[in-house]
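The values are calculated or read from the model by the stated rules, or taken from the named source; none is laboratory data. In this text the structure is predicted, and so the values were computed from the model without any measurement. Virtual Cβ from ideal backbone geometry, glycine too; neighbours counted across all protein chains shown.
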Amino acid sequence: MRRLMGTLAVILVLATLALVMGCGSTSPGTSPASFVGTAGKPPPPPNPTPCMIAFSTQDRNARYAVWVMYTNGTGATQLTSTSKYSSSLPSWGPNGRICFASDRNGTPRIYTMNRDGSAQTRITSQSGVSDLWPDWSRTQDPSSPGYGKIAFERVGQAGFPMGFSNLTQGIYVVAANGGMAQLVSGTQPGDCRPSWSPDGRFILFTGGSRTPQGFYVLPAGGGTAYFLAGSWSGQDYCRWSPQGDQIADSMGGVTPVGQDSNGQWVAGTRRSLAPQGTHLYLRGWSPDEQYLACWAVVNG
């Protein structure tokens, strides 16, 4: 695949770094200086086997492509083509594969591929809608052994709408090896941006038209959605931490979360990791919860 020339700092400004990192590479590297450490936790020592980040960039023709690179900024490699279509919004699976959205068949659908870009496979095929923002569960599932499940948002319009939309039809779940997608959030407009809990039992999502607006939790198989945390104010995207005890939002905030003795979800006080004058658009956690992948806009 074609390789991207440049530094990680450039990518952080121009690209949307996306989602949780995939680990297990044997290439050497060091602890990345481009991540923001969570408050109260010291940086880890140099990492001899760095994780990888999946992210997307936009070319001069306004088409997106999925790339991967190591967390030390090396090995950036393009995995999808921009010759006729866009691919974006990647998420790592538990087996080292990647799911993403692509409009190569005219309207965005959910696809999967290997970490080297091979075996690109379409997973959803519903006509008249756009399937976006996939998140691959980190746990295995008996109904799709070896694959797990993918949660995504479905929008009732064609094209590649990247922002919040009242046309969003809800949160869906599909087996990662294909099949019928299941609506799990109901038909509330504006439900979007799903994120799996680490144990695969719950889905965190943004309730853009719910009252109050913010982040909600629902059982992975569907059911009642409960308000958890957040306010609108641009916090339109959230990611569950690997240990399940925190969520990060797209404006650079981290909020402790958990269940009380009655099993109800509760949230603590949100803290901001963004220095004054900097907006951090957070996309994913490192497996040890020491770092958050992001891109930044400094002083506007």
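Starting from the stretch 98-119, keep only residues that are without any contact (Cβ under 8 Å) to a residue 24 or more places away in the chain, then list their pairs with residues that are surrounded by fewer than 19 Cβ atoms within 10 Å (Cβ to Cβ) whose Cβ atoms are within a distance under 8 Å, requiring at least 6 positions of separation or different chains.
What qualifies is Ser102/Tyr85; Arg104/Lys84; Arg104/Tyr85; Asn105/Arg122; Arg109/Arg122; Arg109/Ser125; Asn114/Gly96.
For the stretch 131-154, how many residues meet the condition of being touching a Ser or Thr at 6+ places or on another chain (Cβ under 6 Å) and at pLDDT 90 or above? Can you show your working first?
Keep residues of the stretch 131-154 that are touching a Ser or Thr at 6+ places or on another chain (Cβ under 6 Å), which gives 131, 134-136, 148-149, 153.
If we keep only those that are at pLDDT 90 or above too, we end up with 131, 134-136, 149, 153.
Number satisfying all stated conditions: 6.
Out of all the residues in the stretch 81-108, which are surrounded by fewer than 21 Cβ atoms within 10 Å (Cβ to Cβ) and closer than 20 Å to Trp196 by Cβ?
Correct list: Pro94, Asn95, Gly96, Arg97.
All but one of (1) at pLDDT below 90; (2) closer than 20 Å to Pro134 by Cα; (3) in a loop (DSSP other than H, G, I, E, B); (4) not polar (S, T, N, Q) hold for Asp288; state the number of the condition that does not hold.
(2)
Scan the stretch 186-202 for residues that are modelled with pLDDT of 90 or more and assigned to a loop (DSSP other than H, G, I, E, B) and jot them down.
Ser197, Pro198, Asp199, Gly200, Arg201
Restricting attention to the stretch 256-274, which residues are surrounded by fewer than 20 Cβ atoms within 10 Å (Cβ to Cβ) and outside any loop (DSSP other than H, G, I, E, B)? Before you say what the answer is, go through the steps one by one.
Taking the stretch 256-274 first, the residues surrounded by fewer than 20 Cβ atoms within 10 Å (Cβ to Cβ) are 256, 258-274.
Pro256, Gly258, Gln259, Trp265, Val266, Ala267, Arg271, Ser272 - these are the residues of the stretch 256-274 that are surrounded by fewer than 20 Cβ atoms within 10 Å (Cβ to Cβ) and outside any loop (DSSP other than H, G, I, E, B).
Test of understanding: among Gln169, Gln157, which residue is assigned to a strand (DSSP E or B), closer than 17 Å to Trp133 by Cα and modelled with pLDDT under 85?
Values: Gln157 fails: assigned to a strand (DSSP E or B).
Result: Gln169 is the single residue among Gln169, Gln157 that is assigned to a strand (DSSP E or B), closer than 17 Å to Trp133 by Cα and modelled with pLDDT under 85.
Out of the residues in the stretch 265-285 that are at pLDDT 90 or above and touching a Phe, Trp or Tyr at 6+ places or on another chain (Cβ under 9 Å), state the one that is farthest from Met52 (Cα to Cα).
Residues of the stretch 265-285 at pLDDT 90 or above: 265-269.
Filter once more, keeping what is touching a Phe, Trp or Tyr at 6+ places or on another chain (Cβ under 9 Å): 265, 267.
Working: Trp265: 31, Ala267: 30 Å.
Of everything passing the filter in the stretch 265-285, Trp265 is farthest from Met52 (Cα to Cα).
If a residue must be surrounded by 23 or more Cβ atoms within 10 Å (Cβ to Cβ) and assigned to a loop (DSSP other than H, G, I, E, B), how many such residues does the stretch 65-74 contain?
The total comes to 1.
Being in contact with a strand residue (DSSP E or B) (Cβ under 6 Å, 6 or more places away or on another chain), at pLDDT 85 or above and within 30 Å of Arg122 (Cα to Cα): is that true of Gln182 here?
Values: in contact with a strand residue (DSSP E or B) (Cβ under 6 Å, 6 or more places away or on another chain): yes; at pLDDT 85 or above: yes; within 30 Å of Arg122 (Cα to Cα): yes.
For Gln182, the condition - in contact with a strand residue (DSSP E or B) (Cβ under 6 Å, 6 or more places away or on another chain), at pLDDT 85 or above and within 30 Å of Arg122 (Cα to Cα) - is met.
Name the residue that is nearest to Ala151 (Cα to Cα), counting only residues in the stretch 205-217 that are in contact with an Asp or Glu (Cβ under 9 Å, 6 or more places away or on another chain) and buried (at least 20 other Cβ atoms within 10 Å of the Cβ). Give the steps one after another, and end with the answer.
Of the residues in the stretch 205-217, the ones in contact with an Asp or Glu (Cβ under 9 Å, 6 or more places away or on another chain) are 205-210, 215-216.
Filter once more, so that each one left must be buried (at least 20 other Cβ atoms within 10 Å of the Cβ): 205-207, 215-216.
On the way: Phe205: 10, Thr206: 13, Gly207: 15, Phe215: 16, Tyr216: 15 Å.
Among those that are in contact with an Asp or Glu (Cβ under 9 Å, 6 or more places away or on another chain) and buried (at least 20 other Cβ atoms within 10 Å of the Cβ), it is Phe205.
In the stretch 115-133, which residues are part of a loop (DSSP other than H, G, I, E, B) and surrounded by 13 or more Cβ atoms within 10 Å (Cβ to Cβ)? Step through it out loud before you land on a result.
Initially, the stretch 115-133 is screened for residues part of a loop (DSSP other than H, G, I, E, B), giving 115-120, 123-129.
Matches in the stretch 115-133: Arg115, Gly117, Gln120, Ile123, Thr124, Gln126, Val129.
Evaluate the following for Val174: is it at pLDDT below 90 and crowded, with 18+ Cβ neighbours inside 10 Å? So that I can check it myself, show each step before the final result.
Details: at pLDDT below 90: no; crowded, with 18+ Cβ neighbours inside 10 Å: yes.
Answer is no for this residue.
Anything in the stretch 218-235 that is buried (at least 20 other Cβ atoms within 10 Å of the Cβ), part of a loop (DSSP other than H, G, I, E, B) and of a type outside the set (S, T, N, Q)? List them, or say none.
Those that are buried (at least 20 other Cβ atoms within 10 Å of the Cβ), part of a loop (DSSP other than H, G, I, E, B) and of a type outside the set (S, T, N, Q): Ala220, Ala225, Gly230.
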